[in-house]
Each structure stands twice: as C-alpha cells, then as structure tokens.
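Below you'll find the structure, written out as structure tokens, and then a few comments.
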Amino acid sequence: IIAVVENSLIEQIRLVDGAVSVRLIQHGVALTEDAPMELSFSRRDRIPRARARVAIHQPEAPHPSGKGWATLYISHFDSVMVLQQAVGDDEPVLPGAVKAVWADVTRFNGDPMHPATFRTLQATTPVFSTRFLAAERVVREDALRPPSAADTGDAVTMRYLLNGFALELRCKSRGRGFIGDELKVFSPDTKRTYRVRLTAPGHAEWLETLD
C-alpha cells in the first residue's frame, strides 16, 4: 500500500521540489500480493496530506470483493524559506535575513515560499514584508512583496496614448499598487480621475477616463 501511494504522489508533485513520506496507520482489506492495486482518495481535487483515508481496489484479486480501505499519514517535505530574524509589518527584508531549509510542511497553512520564488522576487529588491513575521518560521508566499510602484498620494506620470496621440500628465495616486497593477489616479490639471496600469515606479499608462 505504502509503495503504491508514494509512487502516485510523487507523480503529482513532480513539478514541486519536494518529497512525501507515507505511514500506514490501519487498513481493512485482505490484500493479494501479486494483484494490481488501485487507490482512490476521498478528496481528488488536491494532493492528500496528514491523515488521509484511501479506498483500495484489486480487480484481479481472487477474494470476493477485492475492495477495502486504509488510513494513512502522509508527510510532505520541501525546500522552503525561513526567516533568521523577526521582521516588522511593511519592512524591508534583507537578503541575509532569510535562508533555505528542508522542512516538514505537512500542516503548514498556505503556500510556503520556495527558494526559486524568493530569488525571482528578490530581483526587484528591496523585498518587503506584508505583515509581522516571526523568526525561525517558514515564510508564506504572500508574506513578501516587491516594492510598491506607487502609494496613496504619490506622484505618478501617466502616459496617454490613443490613435497615435501621446501625452503625459502629472497625477496623484489614489491607492497602492505594484508594477502591472491597475489603480486610480487624479490629475490636478484636468480635474479628472483616470484608471491606469503601473509600468514602473512612478509611471503608468492610461486605460480609461473615469470622470
């Protein structure tokens, strides 16, 4: 049972740099050693973790039903990022403040930050926290963010391009956003509000005139 489950899960997590370990807690089935085994987890929309129940079917088994069940404990291990020191809310996270470790993430709440994801995020240094982060804890993916391209009240240069006509307007941001985000800006010159897409810190392209 354990070998079949591990092989099935390894196929599912092949795209993630992780591993699984399966422990059999109990089962209710008379297994036939040479008969192929089919397994079905109660939840098929996600990779099972922690305590899980699985239905077992051996179509070629000589015993009458060829069906049974097993209760397993499935541990997940992965390479994740851990903070070496506490970081306050909305504070920069220096490169030396985090390290990659191999950890048990079976009961981790949310998606852990993987080293590759952190390296991509770090390319837009500095990286900031989205909340208070305690030391020696695995970092969630949504706990770190790139620097803001605009914050509420910041000056934003909006580029207006329509039918070959280009114009730049000095505006004020009405919210916080990152590169690629859409937000509203206000132009003191035209007294109008625009919906824009941030293209760089302090720069945006016009999408729509709102009023």
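The values are calculated or read from the model by the stated rules, or taken from the named source; none is laboratory data. Keep in mind that this is a model prediction, so the values were computed, not measured. Note: ideal-geometry Cβ built from the backbone for every residue, glycine included; neighbour counts use all protein chains shown. We work out accessible area using only protein heavy atoms, side chains counted, and drop any ligands, DNA or RNA first. Shrake-Rupley method; radii C 1.70, N 1.55, O 1.52, S 1.80 Å.
Tabulated results
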{"read-out": "Solvent-accessible area, 1.4 Å probe, carbon plus sulfur percent, for segment 137-211", "value": "48"}
{"read-out": "Efficiency of FRET between A116 and Q85 - r from beta-carbon atoms, R0 22 angstrom, step 0.05", "value": "0.45"}
{"read-out": "Gain upon complete extension [W69, R195; 0.36 nm per residue less C-alpha separation]", "value": "39.7 nm"}
{"read-out": "Compactness relative to 2.2 N^0.38 Å, alpha carbon Rg of segment 162-211", "value": "1.06"}
